[in-house]
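*Asks:* One structure, pasted below without further comment.
What follows is calculated from the coordinates using simple rules that are stated; it is not laboratory data. All figures in this text were calculated on a predicted structure; none of them were measured in a lab. Here the Cβ positions follow ideal geometry from the backbone for every residue, glycine too, while neighbour counts run over all protein chains shown.
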Amino acid sequence: MICEYLEERYPTPALLPKTPAERARARWIEEFADTRMGDVFIWRIFYEAVINPFIWQRPRNKERIARAVADELPEIMAHLERLSPASGFLFGGISIADIFRCRLLSQPGVGARRNRPGPLATYARLG
């Protein structure tokens, strides 16, 4: 896991919680993001909304996107809300957003493209 490498390489500030149980919970949330959230956000929504039209020149399947947003996304977000305390932070000042930011920065090529608008920004403008 990239966060573990960063934790070892740059120990301050800590990215992972101090106790083994809290670290295990943080790893479980990261796994949830890789599997269930990745399936819905990437393959059911992003792929249909961005990859099909911009890469494969296939029309967006708006019904499939709407079904994922209406049926699957609320369950995922409710689960994240249950995991997160009222403050929005999980452990030692680390928020769910921090976990996803760490995942995003670990993806190949993201840093090189960060300042250029991509398909998602284009899709957001198209509506």
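*Asks:* Could you compute the net charge surrounding residue 71? Neighbours are other residues with a C-beta less than 11 Å from the C-beta of residue 71; K and R count +1, D and E count -1.
*Replies:* On the way: positive: 44, 64, 67; negative: 72, 75.
Once all neighbours under 11 Å are counted, the net charge is +1.
*Asks:* What is the stretch 22-78 by shape, rounded, prolate or oblate, if you read a ≥ b ≥ c off the alpha carbon gyration tensor as root eigenvalues and call it rounded for a/c under 1.5, prolate for a/b larger than b/c, and oblate otherwise? The partial results should precede the final answer.
*Replies:* Values: a/c = 5.42, a/b = 2.00, b/c = 2.70.
Oblate, because a/c is 1.5 or more while a/b does not exceed b/c.
*Asks:* What is the stretch 45-87 by shape, rounded, prolate or oblate, if you read a ≥ b ≥ c off the alpha carbon gyration tensor as root eigenvalues and call it rounded for a/c under 1.5, prolate for a/b larger than b/c, and oblate otherwise? Spell out each step's value before the answer.
*Replies:* Numbers: a/c = 5.79, a/b = 2.61, b/c = 2.22.
Prolate shape, in that a/c is at least 1.5 and a/b is the bigger ratio.
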